[in-house]
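Working notes, structure below.
The values are calculated or read from the model by the stated rules, or taken from the named source; none is laboratory data. Remember, it's a predicted structure, so these values are computed and weren't measured experimentally. Here the Cβ positions follow ideal geometry from the backbone for every residue, glycine too, while neighbour counts run over all protein chains shown.
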There are 4 protein chains.
Amino acid sequence: MPLTPDQIAEIEAARSAPQMTLRATSPGMEQHLYRAHPVLDHGFIRVIDYMGDDAAIVQAARVSYGAGTKHVQNDDGLIRYLMRHWHSTPFEMCEVKLHVKLPVFVARQWIRHRTANVNEYSARYSILDREFYIPAPEHLAAQSVVNNQGRGAVLQGEEAARVLDLLKSDANRAYDNYEAMLSQEGQQGLARELARMNLPANIYTQWYWKVDLHNLFHFLRLRADPHAQYEIRVYAEAIAACVKDWVPLAYAAFEDYRMGGVTLSSKAIDVLKRRLKGEAVSQETSGMSKGEWREFSDVWG
Amino acid sequence: MPLTPDQIAEIEAARSAPQMTLRATSPGMEQHLYRAHPVLDHGFIRVIDYMGDDAAIVQAARVSYGAGTKHVQNDDGLIRYLMRHWHSTPFEMCEVKLHVKLPVFVARQWIRHRTANVNEYSARYSILDREFYIPAPEHLAAQSVVNNQGRGAVLQGEEAARVLDLLKSDANRAYDNYEAMLSQEGQQGLARELARMNLPANIYTQWYWKVDLHNLFHFLRLRADPHAQYEIRVYAEAIAACVKDWVPLAYAAFEDYRMGGVTLSSKAIDVLKRRLKGEAVSQETSGMSKGEWREFSDVWG
Amino acid sequence: MPLTPDQIAEIEAARSAPQMTLRATSPGMEQHLYRAHPVLDHGFIRVIDYMGDDAAIVQAARVSYGAGTKHVQNDDGLIRYLMRHWHSTPFEMCEVKLHVKLPVFVARQWIRHRTANVNEYSARYSILDREFYIPAPEHLAAQSVVNNQGRGAVLQGEEAARVLDLLKSDANRAYDNYEAMLSQEGQQGLARELARMNLPANIYTQWYWKVDLHNLFHFLRLRADPHAQYEIRVYAEAIAACVKDWVPLAYAAFEDYRMGGVTLSSKAIDVLKRRLKGEAVSQETSGMSKGEWREFSDVWG
Amino acid sequence: MPLTPDQIAEIEAARSAPQMTLRATSPGMEQHLYRAHPVLDHGFIRVIDYMGDDAAIVQAARVSYGAGTKHVQNDDGLIRYLMRHWHSTPFEMCEVKLHVKLPVFVARQWIRHRTANVNEYSARYSILDREFYIPAPEHLAAQSVVNNQGRGAVLQGEEAARVLDLLKSDANRAYDNYEAMLSQEGQQGLARELARMNLPANIYTQWYWKVDLHNLFHFLRLRADPHAQYEIRVYAEAIAACVKDWVPLAYAAFEDYRMGGVTLSSKAIDVLKRRLKGEAVSQETSGMSKGEWREFSDVWG
């Protein structure tokens, strides 16, 4: 259970004080504000603030294109056009701020998306809580034998039990010793900025993360992808569910053109055109490497 | 008068439909929403949307520093501390979106601030209006004789009249010919993306500009500075007046530490310390170049 | 002829002083260093400096993937893999610095690519030269009747002559008056930062532009595209020719996966799969809008 | 000892193959290329590549200011002028690429500087080495009693011994269990992307880090500062020593105006002016808070 009673009370308090505003509002997003969506065993995402809605995307595009866009019949058509043609700036006009609680090894991957604003809890300044990510049994997977960067079958029986036991006992021992080093009872107590180095990468941290919709879509495309590591993918999926309620038209276009889309190389285009003419094309006659061909035939057979 | 009746009606309509929101609101900023603040002869700035307030800055900082910040007595003290110590990320948690109408030569300077989102009216796609910036007589200044990048005295009499006449007649002729080249009456009509090249840099363009508060402060420090060109400074000043109403605590800290502050080199520190001990220090004994000394004595005598 | 004798002498001098270095060098790029590649009537691009080569991309990727990448047989295969899977960071390890002379209206479009470093000639500080872009007759095109943002047929006869005459005479008059306002003979002379507002958007400016290879590929994909405006496309093509000599493997992958590739939406994938099974699909049964279908059938018939 | 014989051989090989180049070269930086400068117990920084030198900064500035800069007598004066007036773009024209080996908790702080390019060793893809940062006895400091984010006295005697023992034994046990979970002998072996979560924050990682000189100076100002954590400060100092050899004029200006400079608020300016006139000013009459006054009097007495 990721939230303390204090936190729940704080959320309820925040949700009990609606204000009047003249700004664009998204009714779907108002439902999410401040509420914690649980992720993994102790994590969550919460929407803290947002700016803009589907209409704001359209409005920004119409500033660019002026009267010329009036012939586009509706907002949906314009948003789909913008997405299809990789127009990024109108989507940058929406912004969202999230509060995220997540394991450090997930945070390390996440932070590589540089076009965002971050305020992270400082373990140099404050003391971290004793909360560690321990995978659920169904997510305790073996190393993939075909992909260096992937998972294979779920671990079973004794091996699974042994791994869980090691993860739990190492985390607890590391935290016990973190506390012992920090303690000022009968000793000086090690500096927080040093003691934190003893903590493993499955400890939870938290941050405020603010990003515009264009860069968020880029994040979601990479991190909600089936090839992303499970532990970051569940965060991406929880965020995606909020985005769908926030900007439903933009999200639908994103799903069609990005999440559900594929990019074809000029070689792949050539193969498909030959097939459409009835030719049987194999890897040998495709001009593609074996790796490319495997990825191509995963989609096209 | 920069606004058409249609635009005024649109603003009134936008301001007549308040909504309920659970988000942080800034009463001072709500007063500005959508309203046009005139700048120069045909320009304006309008606040279209904003995210966050003074409390959002404090909230983000407390996420970083955890319980450790509780000893800071109040929001004002914490915001001043953050500003004094160049903490940038809490200020990045606020965001503002502006609609700006401005001459192209101002836009060219403005766009050099890269950490912002922009949707500009496209003269490739649409036709620009016949609106040009013509300086008011009191801003028609001579080239500075001491500063390559500055202005001297205001032009007088015949010279002033001649300049105004040239600026007006060239702008009008350029626009007449822009229209003549575009016209499809009795001819094909030149492509818009080509015809626009005939228009001078004092024609007005417009854009949506979205930026976070940290980067906006950086913009204001450079562009509301007395050394900035007058024509961009008046935009910075109009924006600054809105920011002051939006985040009054952060703006006050910005005024004290940035706008009203100075940076001293190690040489300048040394000179001031010697003076405080009663020593008379001249340029020759200061270790500074003549240019540095002139700038130093402008502040310190 | 864009270069003065002084400039040519400067280039020859720069090229006559080879130095020893331990850095990665690209023989293909060394041939381009400092030399001006003419673009449009007075413009050019020149490579001023570069960092990295194909091997540097591979080296950075192997740092990320460690010993695990040893099974990839060769550099070419790894670079193609990185490009295919949208890995951006290894390509960011290469950097190039260009000197570009270009019309202001092209510069205004170019600068929208924010992830680059720029030093532009300052017309606030210095006086611009009398050099304007005047389109060659074969590039003097009419407004497209199907695309607001495009060109149609080339203008002919009297209309073409009239347009050329207007562009030339307006440019010259604007420059004459720019000089007249600046002049300090018998008058004070208007400030440079004001006088420049009289100059049209086809005047030439120049800048140093520094960008990493990943962001340069993004620029080239958008600006060397057939839908880009001709006047920026020719710059993109001139740069692309240098990139091809600089990092031939990366450039070949870019051509195959980006320039020559297409992105399919989930709807488009569905249509192609139905066609591969022998079904005849029309716009009505495709689920696509008319616009999407037109773009789809441009590629797939 | 951070380097293996293989790595040393690789460095020697890289340094034994000088090439001819027409690019700007920095003799001081050539001496550093590829060589490892040891930092902490297992870390290092190595310069892998660089672009530009002091002259490149000047060259870019002269592009901006044109003939107008000719009156500046020399490169040194111009570079100092640019630094004094916060001109950032000419410094962005230089770029450096480093190979850094560093503990994860240092990497987490470092990565917050977003304006850089990074390729990090992937523990999702490959297996990390058994190398942990264990502080030298003289750097094993107690928590500061005055600063939540700082260190106090060095730990002594039994407490120091106990801390060192805990850090070492926890690191080794965590690594033993990391290996045990990964092992494929008699079991499937846990996925690498999961096993890594057991490793503490003092394990070493490595990355390629590429940054321009302006942003590097910003990094150095914050991280080579006495208030920065010791473990990142030593990296900043090692890099600063290379920068000094690379661009000696720019580095000297940086030292004078940034590292050795201070920023005064308008209140602080007022206090100094009153003191210069002979007035005795105390905290109570200064208008400053106690915290501000303490920081002010640290510099000015």
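Restricting the search to the stretch D:191-239, which residues are away from chain A (no Cβ under 12 Å), in a helix (DSSP H, G or I) and of a type in the set (Ser, Thr, Tyr)?
Across the stretch D:191-239, the qualifying residue is only D:Tyr235.
Go through (1) touching a helix residue (DSSP H, G or I) at 6+ places or on another chain (Cβ under 8 Å); (2) within 30 Å of A:Tyr208 (Cβ to Cβ); (3) outside any helix (DSSP H, G or I) and name the single condition D:His87 misses.
It is condition (2) that D:His87 fails.
For the stretch B:90-110, give me the residue count where each residue is of a type in the set (D, E, K, R) and either at the interface with chain A (Cβ under 7 Å from one of its Cβ atoms) or in contact with a Cys (Cβ under 7 Å, 6 or more places away or on another chain) (or both).
Here is the first cut: in the stretch B:90-110, the residues of a type in the set (D, E, K, R) are B:92, B:95, B:97, B:101, B:108.
From what's left, either at the interface with chain A (Cβ under 7 Å from one of its Cβ atoms) or in contact with a Cys (Cβ under 7 Å, 6 or more places away or on another chain) (or both): B:92, B:95, B:97.
Residues flagged as of a type in the set (D, E, K, R) and either at the interface with chain A (Cβ under 7 Å from one of its Cβ atoms) or in contact with a Cys (Cβ under 7 Å, 6 or more places away or on another chain) (or both) within the stretch B:90-110 amount to 3.
Among the residues in the stretch B:111-123, are any among the hydrophobic types (A, V, I, L, M, F, W, C), within 23 Å of A:Met20 (Cβ to Cβ), part of a loop (DSSP other than H, G, I, E, B) and within 13 Å of chain A (Cβ to nearest Cβ)?
Within the stretch B:111-123 (the criterion being among the hydrophobic types (A, V, I, L, M, F, W, C), within 23 Å of A:Met20 (Cβ to Cβ), part of a loop (DSSP other than H, G, I, E, B) and within 13 Å of chain A (Cβ to nearest Cβ)), the answer is no, since none of the residues qualifies.
Do we have any residue at all in the stretch A:218-237 that's under 25 Å from B:Ala61 (Cβ atoms) and surrounded by 18 or more Cβ atoms within 10 Å (Cβ to Cβ)?
We begin by selecting, within the stretch A:218-237, every residue under 25 Å from B:Ala61 (Cβ atoms); these are A:219, A:235.
Narrowing further to those that are surrounded by 18 or more Cβ atoms within 10 Å (Cβ to Cβ): A:219, A:235.
Checked the stretch A:218-237: at least one residue is under 25 Å from B:Ala61 (Cβ atoms) and surrounded by 18 or more Cβ atoms within 10 Å (Cβ to Cβ).
Exactly one of (1) within 12 Å of chain A (Cβ to nearest Cβ); (2) outside any loop (DSSP other than H, G, I, E, B) is unmet by C:Cys242. Its number?
Of everything listed in (1) within 12 Å of chain A (Cβ to nearest Cβ); (2) outside any loop (DSSP other than H, G, I, E, B), C:Cys242 misses just condition (1).
From A:Thr4, A:Thr21, A:Thr25, grab the single residue that is among the β-branched types (Val, Ile, Thr) and more than 25 Å from the chain's Cα centre (by Cα). If you could, list the steps in order and put the result at the bottom.
Values: A:Thr4 fails: more than 25 Å from the chain's Cα centre (by Cα); A:Thr25 fails: more than 25 Å from the chain's Cα centre (by Cα).
Going through A:Thr4, A:Thr21, A:Thr25 in turn, just one is among the β-branched types (Val, Ile, Thr) and more than 25 Å from the chain's Cα centre (by Cα): A:Thr21.
Among what's in the stretch D:145-157 and is more than 7 Å from every other protein chain (Cβ to nearest Cβ) and assigned to a loop (DSSP other than H, G, I, E, B), pick the residue that is modelled with the highest pLDDT.
Among residues in the stretch D:145-157 that are more than 7 Å from every other protein chain (Cβ to nearest Cβ) and assigned to a loop (DSSP other than H, G, I, E, B), the one modelled with the highest pLDDT is D:Gln156.
Considering each residue of the stretch C:265-295, count those that are under 19 Å from C:Pro226 (Cβ atoms) and either β-branched (Val, Ile, Thr) or surrounded by 19 or more Cβ atoms within 10 Å (Cβ to Cβ) (or both), and give that number.
Restricting attention to the stretch C:265-295, the residues satisfying the condition of being under 19 Å from C:Pro226 (Cβ atoms) are C:291-292, C:294-295.
Still in the running and either β-branched (Val, Ile, Thr) or surrounded by 19 or more Cβ atoms within 10 Å (Cβ to Cβ) (or both): C:292.
The qualifying residues number 1.
Taking the residues in the stretch B:1-29 that are surrounded by 20 or more Cβ atoms within 10 Å (Cβ to Cβ) and not in a loop (DSSP other than H, G, I, E, B) as candidates, determine which candidate is farthest from the other protein chains (Cβ to nearest Cβ).
Filtering the stretch B:1-29 for residues that are surrounded by 20 or more Cβ atoms within 10 Å (Cβ to Cβ) and not in a loop (DSSP other than H, G, I, E, B), the one farthest from the other protein chains (Cβ to nearest Cβ) comes out as B:Met29.
Picking from D:Val96, D:Val106, which residue would you name as being surrounded by 20 or more Cβ atoms within 10 Å (Cβ to Cβ), in contact with a helix residue (DSSP H, G or I) (Cβ under 9 Å, 6 or more places away or on another chain), modelled with pLDDT of 95 or more and part of a helix (DSSP H, G or I)? Full working, then the answer.
Details: D:Val96 fails: part of a helix (DSSP H, G or I).
Result: D:Val106 is the single residue among D:Val96, D:Val106 that is surrounded by 20 or more Cβ atoms within 10 Å (Cβ to Cβ), in contact with a helix residue (DSSP H, G or I) (Cβ under 9 Å, 6 or more places away or on another chain), modelled with pLDDT of 95 or more and part of a helix (DSSP H, G or I).
Restricting attention to the stretch C:30-39, which residues are in contact with a strand residue (DSSP E or B) (Cβ under 7 Å, 6 or more places away or on another chain) and in a loop (DSSP other than H, G, I, E, B)?
The first filter runs over the stretch C:30-39 and keeps only residues in contact with a strand residue (DSSP E or B) (Cβ under 7 Å, 6 or more places away or on another chain), leaving C:30, C:32-39.
The answer is C:His32, C:Tyr34, C:Arg35.
Hey, could you check the stretch A:255-301 for residues that are in a helix (DSSP H, G or I) and of a type in the set (Asp, Glu) and say which is farthest from the other protein chains (Cβ to nearest Cβ)?
So in the stretch A:255-301, the residues in a helix (DSSP H, G or I) come out as A:255-259, A:266-276, A:283-286, A:290-300.
In the following step, the residues that additionally are of a type in the set (Asp, Glu) were identified as A:255-256, A:270, A:284, A:292, A:295, A:298.
Working: A:Glu255: 7, A:Asp256: 5, A:Asp270: 9, A:Glu284: 17, A:Glu292: 7, A:Glu295: 7, A:Asp298: 12 Å.
The selected residue is A:Glu284.
I'd like the full set of residues that are more than 27 Å from C:Asp75 (Cβ to Cβ) and of a type outside the set (A, V, I, L, M), limited to the stretch C:209-250.
C:Trp209, C:Arg223, C:Asp225, C:Pro226, C:His227, C:Gln229, C:Tyr230, C:Glu231, C:Arg233, C:Tyr235 - these are the residues of the stretch C:209-250 that are more than 27 Å from C:Asp75 (Cβ to Cβ) and of a type outside the set (A, V, I, L, M).
Residue-wise test of (1) over 18 Å from the mean Cα position of the chain (by Cα); (2) within 30 Å of C:Arg114 (Cβ to Cβ).
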{"residue": "D:Pro90", "(1), (2)": "yes, yes"}
{"residue": "D:Leu98", "(1), (2)": "no, yes"}
{"residue": "D:Lys101", "(1), (2)": "no, no"}
{"residue": "D:Ala116", "(1), (2)": "no, yes"}
{"residue": "D:Asn148", "(1), (2)": "yes, no"}
{"residue": "D:Val154", "(1), (2)": "yes, no"}
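For the stretch C:174-214, how many residues meet the condition of being without any contact (Cβ under 8 Å) to a residue 60 or more places away in the chain and either assigned by TED's automatic domain parsing to the domain that holds C:Asp49 or of a type outside the set (Gly, Ala, Ser) (or both)? I'd like the intermediate steps shown before the answer.
Applying the first criterion (without any contact (Cβ under 8 Å) to a residue 60 or more places away in the chain) to the stretch C:174-214 yields C:174-191, C:194-195, C:197-198.
Applying the additional criterion that residues be either assigned by TED's automatic domain parsing to the domain that holds C:Asp49 or of a type outside the set (Gly, Ala, Ser) (or both) yields C:175-179, C:181-182, C:184-185, C:187-188, C:190, C:194, C:197-198.
Matching residues across the stretch C:174-214 total 15.
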